[in-house]
Amino acid sequence: MNKESIKAIHDQDLEMLLERLGILPKFKNGKLKCKFCKATITSENLHSLFPQSGDIKLVCDRVECVKELSNLLREGKILL
Ligand SMILES: [Zn+2]
């Protein structure tokens, strides 16, 4: 897995995507948290999102979290 597999999400696409996933209201209410550090996810710090265990997980753009995400990807625990 490489960095290209993690798609950058642009603002206009983001709302549509979150809407489709049914988590836009939560996002707007600041209820979505980074899977790793539990920081509140906003359009400013959202790095990527992925499905896991029937749920949508979000990852913020902190270096540590991005590293954790690439570890999971490398180990094949998640698929984007
Ligand atoms: Zn984080």
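Taken together, the values in this text are just the output of simple stated rules run on the coordinates, not laboratory data. In this text the structure is predicted, and so the values were computed from the model without any measurement.
Data table
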item	result
Binned Cα-Cα distances of segment 32-80, short to long, each 5 Å bin given as a whole percent	5, 24, 34, 26, 10, 1
Among the listed pairs LYS26/LYS77; LYS26/LYS67; LYS31/LYS67; LYS33/LYS67; LYS31/LYS77; LYS38/LYS67, those beyond 21 Å (Cα-Cα)	LYS26/LYS77; LYS26/LYS67; LYS31/LYS67; LYS31/LYS77
